[in-house]
Amino acid sequence: MSKHLLAGATSGLISAVSLQPLDLIKTRLQQQQRITPVTGIVRGILNNEGGLAALWRGTLPTVIRNVPGVALYFYCLQGMRSSMATMPMFSVQAPPSSSRLSVLPKLSPTGNLLAGAVARVSVGFVLNPFTLLKARFESDLYRNQSIWKGLKDVVEAHGARGLLQGFTASAIRDAPYSGIFVLSYELFKQHASESPKMPHYLIFYIGAAAATVSTLVTQPFDVAKTNMQVHPRQYTSVSQTFISLAKQERGMQAYFDGLSFRLVKKGFSSAISWAVYEMFLRYLTK
């Protein structure tokens, strides 16, 4: 199982660093109280926060969260799927020609959905403090903080439970996102190629397509999660956050703030993560 940790950590590092600017802009779009165009947000970051390097603000907590997070996710997902593959209610008999289409054991659609959801929420709970810091570092409300000072400030202001701010919204977003992603990813792979050696570029496209489906379904919960973590006193629960956002002048449009950037970021992130993961795993298992 160590090879799953190594492959996952490598894919997490590459995707986290390369796509951080998109995540930063998405966070700024979601936290805004008034409508500001993307060009205005980017111009403000470049002019007021240190130039081009400011687009990578929040990279450290992102890396701290994503590298072990992606590694643990793939590790847990592989472990769960291996166990579930022994259960008649989740296992399926795959034809021999498709046995090498995926590095993961074959499961039924329900099994894929459940394994993806449980693995993501379990890892998300463990790493929520760094998810919280990531959202705050990317916002323009918490500046010049170190990782440990950020954690200390949260505990002093809200107690130890404050480290779980936004977890409910994250879980409501991440469970269906990951479940739908794994389900879509495996279904797309089954119909994409008859070759047992699927090329990596095709895995890249399939990952992006599965991420697009999952992102569209879960976008409102991503907006709720960001606002609960950046404005914890204003947004105290998932239901209250949804109601408050709907009452803003933009109405239901607020639920889709940052959607285009999240689609691009999630599409590339999932495409890179899964392509690198499968590439490394195939190399390590030779």
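The values are calculated or read from the model by the stated rules, or taken from the named source; none is laboratory data. Since we're looking at a predicted model, the values are computed, not measured. Because the Cβ atoms are built from the backbone with ideal geometry, glycine has one as well, and the counts that use them run over all protein chains shown.
Checked against (1) surrounded by 14 or more Cβ atoms within 10 Å (Cβ to Cβ); (2) touching a residue at least 24 places away in the same chain (Cβ under 8 Å); (3) in contact with an Asp or Glu (Cβ under 9 Å, 6 or more places away or on another chain), ILE35 passes all but a single condition, namely (1). Close contacts from region 42-64, counting a first residue that is under 12 Å from ILE147 (Cα atoms) and a second that is buried (at least 17 other Cβ atoms within 10 Å of the Cβ) and among the charged types (D, E, K, R), with Cβ to Cβ under 6 Å and a gap of 6+ residues or different chains, come to GLY58/LYS134; GLY58/GLU138; PRO61/LYS134; THR62/LYS134.
Could you look through region 215-236, keep only residues that are assigned to a loop (DSSP other than H, G, I, E, B) and at pLDDT 85 or above, and pick out the one that is surrounded by the most Cβ atoms within 10 Å (Cβ to Cβ)?
Taking region 215-236 as the starting set, the residues that turn out to be assigned to a loop (DSSP other than H, G, I, E, B) are 231-236.
If we keep only those that are at pLDDT 85 or above as well, we get 234-235.
On the way: GLN234: 12, TYR235: 23.
Checking each candidate, the answer is TYR235.
Taking the criterion of being assigned to a loop (DSSP other than H, G, I, E, B), more than 18 Å from SER214 (Cβ to Cβ) and modelled with pLDDT under 75, the residues of region 80-138 that qualify are GLN93, ALA94, PRO95, SER99, ARG100, LEU101, VAL103. Every listed requirement among (1) within 26 Å of ILE243 (Cα to Cα); (2) modelled with pLDDT of 80 or more; (3) surrounded by 15 or more Cβ atoms within 10 Å (Cβ to Cβ); (4) over 21 Å from the mean Cα position of the chain (by Cα) is met by ALA157 save one, (3). Is at least one residue of region 139-151 part of a helix (DSSP H, G or I), modelled with pLDDT under 80 and not polar (S, T, N, Q)? Yes, region 139-151 contains a residue that is part of a helix (DSSP H, G or I), modelled with pLDDT under 80 and not polar (S, T, N, Q).
Could you identify the single residue in PHE268, PHE280 that is in contact with a Leu (Cβ under 9 Å, 6 or more places away or on another chain), farther than 22 Å from ALA135 by Cα and assigned to a helix (DSSP H, G or I)? Checking each option against the conditions leaves just PHE280.
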